[in-house]
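The values are calculated or read from the model by the stated rules, or taken from the named source; none is laboratory data. A quick note: this is a predicted structure, and the numbers were derived from the prediction, not measured. A quick note on method: Cβ atoms are made from the backbone with ideal geometry, for glycine too, and the neighbour counts reach across all protein chains shown. Please note that ligands, DNA and RNA were not included when accessible areas were found on the heavy atoms of the full protein model with its side chains. Shrake-Rupley method; radii C 1.70, N 1.55, O 1.52, S 1.80 Å.
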Amino acid sequence: MRLQFIVILFLFVGSCGLKQPSLEVVSLTVEGRENFPGIEEKQPLLSWEIRSSSRATEQTAYQVLVSSSGEKLADNQADLWDSGKINTDSSIHVAYKGVALESYQRCYWKVRVWTNHGDSVWSAVHHWQMAMLHPEDWKAQWIGLDTFSAGDRPYDQDTRLAARYLRKEATIEKEIQAATAYISGLGLYECYINGEKVGNDVLTPTLTDYDKRVPYNAYDVTDRLKKGANAIGVILGNGRFFGMRDFHGNPNPMTGSRQVTYGFPRLLLQIRVEYRDGSVEYIHSDGSWKVTDQGPIRANNEYDGEEYDATLEFAEWDTPGFDDRTWKAVDLMDAPKGVLYSQPNENIKIKETLVPKEVYATNRGTYMVDMGQNMVGWLKINLKGNAGDTIKLVFAERMKNRDTLYTENLRYARATDTYVMKGEGTEQWHPIFTYHGFRYVEVFGLSTPPTVADFEGQVVYDDVQTIGDFTSSNETLNQIFKNAYWTIRSNYRGIPTDCPQRDERVAWLGDRIMSSYGESFIFDNSRLYAKWMDDIQVAQNENGSLPDVVPAYWIVHNDNVTYPSAYIIIPEMLRKQFADEATYRKHYPGMKKWMNYMWDTYSTDDLVLKDVYGDWCVAPEEGTDVIWTNDPKRTTDGGLVAASYYYYCLTLMKNFASLQGMDEDAAYFDTRAQRVRSAFNKRFFHSDSLYYGNNTTTANLLPLTFGMVEAENRDAVFNRILEKTAEYGNHIHTGIMGAMWYMRGLSDHGRPDLAYTVATQKTYPSWGYMIENGATTIWELWNGNTGHPLMNSWNHQMLLGDLLIWYYEYLAGIKSDPGQTGFKGVVMHPIFPEGLEYVNASYRSIYGMIKSHWRKENQTLRWQITIPPNATARVSLPANTEKAIKEGGVPLGEVPEIRLLDKDDRQVWVEIGSGDYDFVVADVKWGE
Ligand code: BGC
């Protein structure tokens, strides 16, 4: 009887959930990468994420242990670093401070975290490996094939070159402990060991200016090699190294830009094999390798596509024993001029696969594949045919009519893959050295009608994590978000490309000044942009001048303020969103050089007016096929745009200087800023009619946003913006330089409702107009459906302006506290526009998941919030008294984790720690 009672009591207590609070440490990263074998930083930055079921969890201390082997770490023998117990809340970007790390060093690590709740926990074990830290570590030689063959077309619009296949066999006689491969294959490589691909990245390595920087990748290949005979095979594609176009240094007649090409593809490969007996051996590229260009990839070119002849396949060429007698000895190639470095940013991967929406026969005897989504990558085919049948795939973003592709906007990019069948059952194939921006594919050369199962769209882009999600009650907002999501991922290829389909695909600095910030709410783009800042740094001229396209595959050096200002503005985004303190510090000298160069070379009367692009791409009204407006009433003086951006950069420079304790520099930038501000107002402000320049929205918005307008004129200047917005029927009417601030400008000055109206328009010009006209991505032109094809990408993110920032910071109310960085403090202050019933948004910050789910229920607001451990939030609740607010059904004042901060007649500000919260606010006066 007693026993029964105890059992029942036990079961009862168990089911009542008297659970121990859980605490975990997860997502351990080193320099932002998990278990990465290519770390080059000698004091890498370690980060971890805390998960806890208790509210208001804060880290009070950590201890990091780093060991040279897993066994030692299991024994808590930290022979590389024992940080000791450090009393701090720092849990991200903690610098390794142990024994100096050497090339190839393997580091196993774990971290223990203590919290304010008195509990503590160890993480699981993670590891990283150091890359090659000294140039002399390289024993490998650059190899390749230094000639053209028949069928190659060296110079022209569509340069052709067959892929190079290189191979080498190596016998391993001892037991293998571990092996790491270090590879740079330029332009692009795929590496195979004993018939299996190394890693699952594609289109490797990342893109750089090879005269300046040469990336290599590190892969753990312990499982690929074996005792006995081994074979290594590498295929080299052209990428940007053997450029897609070559006009011998003359400008491309089509674009007017000079384009860079570096020569024949080449390979540098070194495999370090560590044996169980402690000895080490290297297998590396040298003159003993064999090469052929007579393999199946007959041509490969990022603009034009890949040509593959399956009848030329050589089976098992990457396994031991293959007869390579017809192959040639490799040529030793010159090393590229750039400095070799281990690539820290993510490589490209196949991130998603799509089944076609429809496959149908055209009236021309071809078949059309409609992916239902404008995407970037390639089409994998799965087809039967006779040996020698040629399947041709032509890619396009849009259709002229149901039977005809619209390819005019691809300009000279042929965007065509061909596959010659070998006639052996079902053949599966996709290209490896090209990619296309497409929704539609026309298939030529099929003898039997295909079905959707015969094709698969493979979506390829940088292997960055998706960290943000957004849905709301407004379908237009949701579809714009989806289109933005697709557009951003479509253009991440180690550089942020402008477009993925036409004969351009380069990274224009101006396009990303602000959109990089909006993108950072959806993707962890921290390493991509940190890498791009490095690319910009090495592209800077001796005198400080910066180009407009980086890497400089197109040479566009025409000094202007706005485009290169990305070099100052993006590091601020990285600091704010990702707590990246390293990037602005590293680039500070280069930024300062550029600021001074522009000032010394171009300033007159305290203004830097040097401009080229103006307020790029204002929607035209003067004709449906016009690309941008030339209407002087609608365009803004480029000098005004330049001078105001220069001022904004001065304010950022002042801040960067202060953050580094460089008081003299800070004062210097501040003084210059004051001079610019007064010169700007003198020159551009019309004190009689209270507007700037020619009274466009951009002319008024930039000085207003950058804090250049005298306090007494601010309302009047904002009213000018309202008047213009009304004149254009509450539609977006700026170019990209104004659009970077427009949604926030309207909201910050008291008109979030108007921002909402502009954001949800469906008529021209608007993001909704694109959707009404079938867009599944964001267009380059507001009139993309009718605009001239000369510059008319359907997958171009720049027109997003600050829209995504506005989605998160204003609609969802998820914003990094300006007083802190990386969402350690979150400001949650959503707007609740009339007509919008709910928003469900999440954002995975470096501290962990933040959620804001709000819903209007008549006069009540229900708002569910999640804040990750080791972060806090200041939350604005729309009530004039805390009595109107409950959390989890409990009156606000009775919830211990909630601290009242402030209140006025519109809002109650509270501070919360980590955890899930469920707020209900009664009697909300929406729209007040
Ligand atoms: C690019 C733009 C860029 C512009 C500047 C275009 O071809 O696609 O995004 O800003 O050129 O001239």
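Computed values, structure above
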item	result
Which listed residue, of SER852, SER914, SER845, SER876, is small (Gly, Ala, Ser) and over 26 Å from SER473 (Cβ atoms)	SER914
Considering residues of segment 426-454 that are closer than 26 Å to ILE235 by Cα and open to solvent by 10 Å² or more (accessible area, probe 1.4 Å) only, the residue farthest from the chain's Cα centre (by Cα)	THR426
Search result, residues across segment 176-197 that are within 23 Å of LYS290 (Cα to Cα) and open to solvent by 30 Å² or more (accessible area, probe 1.4 Å)	TYR192, ASN194, GLY195, GLU196, LYS197
Residue within segment 689-709 that is free of Cβ contacts under 8 Å to residues at least 24 places away in the same chain and open to solvent by 10 Å² or more (accessible area, probe 1.4 Å) present	yes
Residue match in segment 803-822 (condition: within 25 Å of the chain's Cα centre (by Cα), under 23 Å from TRP616 (Cα atoms), in contact (Cβ under 8 Å) with a residue 24 or more places away in the chain and within 16 Å of the ligand (Cβ to nearest atom))	no
Where a residue in segment 553-576 is farther than 13 Å from TYR588 by Cα and its partner, wherever it lies, is within 15 Å of the ligand (Cβ to nearest atom) and of a type in the set (Asp, Glu), with Cβ under 6 Å and at least six apart	VAL556/ASP548; ASN560/ASP611; TYR563/ASP548
Segment 413-425 residues that are open to solvent by 30 Å² or more (accessible area, probe 1.4 Å), paired with ones that are assigned to a loop (DSSP other than H, G, I, E, B) (beta carbon under 6 Å, 6 or more apart)	ARG414/ASP158; ARG414/ASP304; LYS422/ALA387; GLY423/ASN386; GLY423/ALA387
Leading residue by the ranking (surrounded by the most Cβ atoms within 10 Å (Cβ to Cβ)) among those in segment 771-793 that are more than 16 Å from the ligand (Cβ to nearest atom) and closer than 19 Å to HIS731 by Cα	ALA775
Check on GLU173, in contact (Cβ under 8 Å) with a residue 60 or more places away in the chain, over 25 Å from GLY38 (Cβ atoms) and open to solvent by 40 Å² or more (accessible area, probe 1.4 Å)	no
Test set (1) within 16 Å of the ligand (Cβ to nearest atom); (2) assigned to a helix (DSSP H, G or I); (3) over 17 Å from LYS349 (Cβ atoms) - ASN483 fails condition number	(1)
Residue in segment 592-610 that is open to solvent by 10 Å² or more (accessible area, probe 1.4 Å), within 16 Å of the ligand (Cβ to nearest atom) and over 26 Å from the mean Cα position of the chain (by Cα) present	yes
Test: residue in segment 832-841 that is of a type outside the set (D, E, K, R), open to solvent by 20 Å² or more (accessible area, probe 1.4 Å), modelled with pLDDT of 95 or more and outside any loop (DSSP other than H, G, I, E, B)	yes
Filtered residues of segment 611-624 (kept if farther than 14 Å from GLU780 by Cβ and either within 16 Å of the ligand (Cβ to nearest atom) or charged (D, E, K, R) (or both))	ASP611, VAL612, GLY614, ASP615, GLU621, GLU622
Qualifying positions in segment 506-524 - more than 9 Å from the ligand (Cβ to nearest atom) and either under 15 Å from GLY822 (Cα atoms) or part of a helix (DSSP H, G or I) (or both)	ARG512, SER515, SER516, TYR517, GLY518, GLU519, SER520, PHE521, ILE522, PHE523, ASP524
Count of segment 461-479 residues which are over 26 Å from ILE846 (Cβ atoms) and open to solvent by less than 10 Å² (accessible area, probe 1.4 Å)	1
Residues satisfying the stated conditions in segment 115-146, i.e. over 30 Å from LEU267 (Cβ atoms) and either open to solvent by less than 40 Å² (accessible area, probe 1.4 Å) or assigned to a loop (DSSP other than H, G, I, E, B) (or both)	THR115, ASN116, HIS117, GLY118, ASP119, VAL121, SER123, ALA124, VAL125, HIS126
Segment 547-587 - residue that is away from the ligand (no atom under 16 Å from the Cβ) and of a type in the set (D, E, K, R) and, of those, nearest to THR261 (Cα to Cα)	LYS586
Identity of the residue in segment 149-169, in a loop (DSSP other than H, G, I, E, B) and at pLDDT 95 or above, that ends up farthest from ASP293 (Cα to Cα)	LEU161
Selection status of LYS576, open to solvent by 10 Å² or more (accessible area, probe 1.4 Å) and assigned to a helix (DSSP H, G or I)	yes
Some residue of segment 486-505 being part of a strand (DSSP E or B) and within 16 Å of the ligand (Cβ to nearest atom)	yes
Residues of segment 525-546 satisfying the condition of being surrounded by fewer than 22 Cβ atoms within 10 Å (Cβ to Cβ) and either in a loop (DSSP other than H, G, I, E, B) or not assigned by TED's automatic domain parsing to the domain that holds TRP741 (or both)	GLN540, ASN541, GLU542, ASN543, GLY544, SER545
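For (1) free of Cβ contacts under 8 Å to residues at least 40 places away in the same chain; (2) in a helix (DSSP H, G or I); (3) more than 30 Å from TYR769 (Cα to Cα), each residue gets a yes or a no:
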| site | (1), (2), (3) |
| --- | --- |
| ASP580 | no, no, yes |
| ARG585 | no, yes, yes |
| TYR588 | no, yes, yes |
| MET591 | no, yes, yes |
| TRP594 | no, yes, yes |
| TRP599 | no, yes, yes |
| VAL612 | no, no, no |
| TRP616 | no, no, no |
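Quick grid of which residues meet (1) polar (S, T, N, Q); (2) open to solvent by 20 Å² or more (accessible area, probe 1.4 Å); (3) under 29 Å from ARG505 (Cβ atoms):
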{"position": "GLY278", "(1), (2), (3)": "no, yes, no"}
{"position": "TYR282", "(1), (2), (3)": "no, yes, no"}
{"position": "TRP289", "(1), (2), (3)": "no, no, no"}
{"position": "ASN300", "(1), (2), (3)": "yes, no, yes"}
{"position": "GLU307", "(1), (2), (3)": "no, yes, yes"}
{"position": "PRO320", "(1), (2), (3)": "no, yes, no"}
{"position": "ASP323", "(1), (2), (3)": "no, yes, no"}
{"position": "THR326", "(1), (2), (3)": "yes, yes, no"}
{"position": "ALA335", "(1), (2), (3)": "no, yes, yes"}
